[in-house]
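**Q** The structure follows.
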Amino acid sequence: MSEFDVDLFVIGGGSGGVRAARIAAGYGARVMIAEEYRMGGTCVIRGCVPKKLMVYASHFHQDIEDAAGFGWTIPSASFDWATLIANKDKEIARLEAAYTSNAEKSGVKIVKTRAIFEDAHTLRLATGDSVKAKYVLIATGGAPNHGPAIPGIEHVISSNEVFHLESLPRRILIQGGGYIALEFACIFAGLGSDVTLVYRGDNILRGFDEDVRTHVRSEMEKEGITILTGCTVEKIDKHGQEFTSHLSNGSSVASDQVMFAIGRHPNVANLGLEKAGVAINPNNGGIAVDHFSRTSVDNIYAVGDVTHRTNLTPVAIREGHAFADTVFGKRTVRVDHADIPTAVFSQPEVGTVGLTETQARAQFSHVDIYKASFRPMKATMSGRDTRVLMKLVVDGVSDRVLGCHIVGEGAAEIVQVVGIAVKMKATKADFDATMALHPTAAEELVTMRTPSARHVKAAAE
Ligand SMILES: Cc1cc2nc3c(=O)[nH]c(=O)nc-3n(C[C@H](O)[C@H](O)[C@H](O)COP(=O)(O)OP(=O)(O)OC[C@H]3O[C@@H](n4cnc5c(N)ncnc54)[C@H](O)[C@@H]3O)c2cc1C
């Protein structure tokens, strides 16, 4: 008889945990996974999936408007929030069931309860049971931050609650300048709400290419979203069903909902990490791990948002898979975190991979920028005041494409594929040698012949 009840105990049934559990079970490990809320985790239950469904819903607004220029008359289109939420909930429930049955089919035992450490090999379940595990994987994800406890903070909703509002707010104030804040600003604007976005920095989308930041802001403003930068919400008053948010610049905004999307923190609290001896990374507050996702304790690993490396679903999945391969598959796999394609499902959409112009200029002596901003073909007939941005950042010495940044319809789909070329270290000459596919917006990526800027670092820099 083994001294352990299971070979692997996974805490958290989200993207990273479920993948690791299934792959480890496939290698013959006895696996148990604990999930305290709903199988599927943030991505499936209250993240990527429901959000994208709502992005689709909100996009019809523009599609219906755009149709007029092409000869369509659509009499008084109306939108019903309750139908959207009910249909979205049905799809999420279907996915949750699929996650559960796929894990079970792989031989994983699911326990629907919270689990915390008693010691490095013992997990205490909220049911009172304890389980002895040879290896433990921490995949507890992250949660929204509300920032400092300002007066009225209890009235604020986060991305957790936004998926379950009883009605579409007529006016909403969203604080935050990252992708989640922008996506919900565009979702609500598309569905007909009056949206004010408040962000403390000088421009939205910190960390993205500067041209992308400027372009997206101007496109969102053209769609009627009010963007207030350089200020924060300091106090929220409630009067009946209405809120007044008082801003640090002295102004105030009235709304029917106030949402904060100002960042997320890794779920490390009250897990008994100290009893197990698991160290926290002092730089980011996540669980400290090495390149193989191993924590400071030999038999304990951590993947996904709880490590606060790159908080994206495909990354959590890749890390979970690599962990299972390494520990149970006798195949050492290290995840490469470079050149991860990413998107912002704003309207218009952002797709980006590789280095921004600022990053490239800090790292390379010669940087060539190829940039095009143009009116998309559809807008010529729809009359919509919108522009597409395409930008390539190229190493002027090796000719390698270091980064690709797109704002416009289909940007995320385009960048998923451009990501392959960037990962393969394709050169600008490879892009040029690729025949254009006409008529598309993406053909611009292979037809931009002359750099719009050439940056050469001075010797002393
Ligand atoms: C609004 C929103 C939109 C997003 N959109 C995108 C997107 O478009 N693309 C993208 O790639 N990523 C997106 N993300 C990020 C993505 O959801 C996360 O990166 C991903 O879910 C991380 O997976 P994970 O396995 O690390 O954690 P999670 O998926 O968060 O799973 C952790 C699970 O652990 C459970 N848990 C926690 N503690 C315990 C415990 N002690 N015992 C038992 N169970 C526990 C939780 O209930 C949760 O189910 C979005 C996130 C949000 C919030």
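**Q** Accessible surface of VAL111 in the full protein assembly, 1.4 angstrom probe, to the nearest 10 Å²?
**A** Here the accessible area works out near 20 Å².
**Q** Counting other Cβ atoms within 10 Å, which trypsin sites (Lys or Arg not before Pro) in the range 399-457 have at most 12 and lie in a DSSP loop?
**A** ARG449
**Q** May I pose another question? Please give the charge dipole size of the chain, origin at the Cα centre, charges +1 on K and R Cβ atoms and -1 on D and E Cβ atoms. Round to the nearest 20 debye.
**A** Result for the chain is approximately 780 debye, rounded to the nearest 20.
**Q** Here's a follow-up. What accessible area, in Å² to the nearest ten, does a 1.4 Å probe give for ILE262?
**A** About 70 Å², rounded to the nearest 10.
**Q** Let me check against my output: what whole-number percent is the relative contact order of the range 244-293, with C-alpha pairs under 8 Å and at least 6 apart?
**A** With pairs under 8 Å counted, the relative contact order is 22 percent.
**Q** Residues of the range 160-270: accessible area per residue at 1.4 Å, in Å²?
**A** 41
**Q** Want the number for GLU3 to ALA67: 0.36 nm per residue separation, take away the alpha-carbon distance, what's left?
**A** In short, 16.3 nm is gained.
**Q** Using only DSSP helix segments of four residues or longer, with each worth -39500 (n - 2.57), what per-residue ellipticity at 222 nm results for the chain after dividing by its residue count and rounding to 500?
**A** -9500 deg cm²/dmol
**Q** Additional query: Using a basic spin-label model with each label point 7 Å from the Cα along Cα→Cβ, how many nm lie between HIS146 and LEU437?
**A** In this crude spin-label approximation the distance works out to 4.7 nm.
**Q** Okay, next question. Which Cα, out of VAL367, TRP72, ILE225, lies furthest along the positive dipole direction of the chain (beta carbon charges, K/R +1, D/E -1)?
**A** Toward the positive end, the furthest listed residue is VAL367.
**Q** What does the accessible area of HIS405 come to, in Å² to the nearest 10, when a probe of 1.4 Å is used?
**A** 0
**Q** Please report the antiparallel percentage of DSSP beta bridges with both residues in the chain, rounded to the nearest 5.
**A** Within the chain, antiparallel bridges account for around 65 percent of the total.
**Q** What distance in nm separates the simple spin-label points at ALA269 and SER130, each placed 7 Å from Cα in the Cβ direction?
**A** 2.6
**Q** Would you check the range 320-461 for Lys pairs whose C-alpha atoms are within less than 22 Å, ignoring same-chain pairs closer than 8 in sequence, and give me the count?
**A** The result is 11.
**Q** Counting only heavy atoms of protein chains, what accessible area per residue, in Å², does the range 298-414 have with a probe of 1.4 Å?
**A** Spelled out: the 1.4 Å probe surface of the range 298-414, per residue, equals 40 Å².
**Q** Return the loop-located chymotrypsin sites (Phe, Trp or Tyr not before Pro) in the range 266-346 (DSSP other than H, G, I, E, B) with at most 16 other Cβ atoms within 10 Å of their own Cβ; answer none if there are none.
**A** PHE292
**Q** 5 Å is the cut-off here: which amide hydrogens, built 1.01 Å from N in the peptide plane, fall below it relative to VAL198, excluding neighbours closer than 5 in sequence?
**A** Here the answer is ILE174, GLN175, GLY176, LEU228, since their amide H atoms fall under 5 Å of that of VAL198.
**Q** Sticking with this structure for a sec: Looking at the calculated P(r) for the range 308-383, what percent of the C-alpha pair distances fall above 17 Å?
**A** Looking at the range 308-383, the distances longer than 17 Å represent 67 percent of pairs.
**Q** Tell me, what ³J(HN,Hα) does each residue in the range 67-78 have, in order and in whole Hz, if you take phi through Karplus 6.51 cos²θ - 1.76 cosθ + 1.60 with θ = phi - 60° and put x for Gly and Pro?
**A** Once rounded to whole Hz, the list reads 4, 4, x, 9, x, 8, 10, 10, x, 5, 5, 10.
**Q** Taking θ = phi - 60°, what integer Hz values does the Karplus form 6.51 cos²θ - 1.76 cosθ + 1.60 yield along the range 276-288, in sequence order, with x for Gly and Pro?
**A** Whole-Hz 3J(HN,Hα) from phi for the range 276-288: 8, x, 7, 8, 9, 6, x, 7, 9, x, x, 6, 6.
**Q** Can you list the GluC sites (Glu not before Pro) in the range 158-238 that are in a DSSP coil and have 15 or fewer other beta carbons within 10 angstrom?
**A** Loop-located and lightly packed - GLU166.
**Q** Something else: Normalised by the number of residues in the range 1-152, what is the relative contact order in percent for Cα pairs under 8 Å and 6+ residues apart?
**A** 38
**Q** So, one more: For the chain, what mean projected area does the convex hull of the alpha carbons give, in nm²?
**A** Computing the convex hull of the Cα atoms and averaging its projections yields 25.9 nm².
**Q** Whole-Hz Karplus ³J(HN,Hα) for the range 332-341, in order, using 6.51 cos²θ - 1.76 cosθ + 1.60 and θ = phi - 60°, x for Gly and Pro?
**A** 6, 10, 10, 7, 8, 8, 7, 6, 8, x
**Q** What percent does the relative contact order of the range 277-354 come to when contacts are Cα pairs within less than 8 Å and at least six residues apart?
**A** The normalised contact order for the range 277-354 reaches 19 percent.
The values are calculated or read from the model by the stated rules, or taken from the named source; none is laboratory data. On a predicted model such as this, the values are computed, not experimentally measured, just so you know. Methodologically, a virtual Cβ is constructed for each residue, glycine included, from the backbone with ideal geometry; neighbour enumeration extends over all protein chains shown. All accessible areas refer to the heavy atoms of the entire protein, side chains included, with ligands and DNA or RNA removed. Shrake-Rupley method; radii C 1.70, N 1.55, O 1.52, S 1.80 Å.
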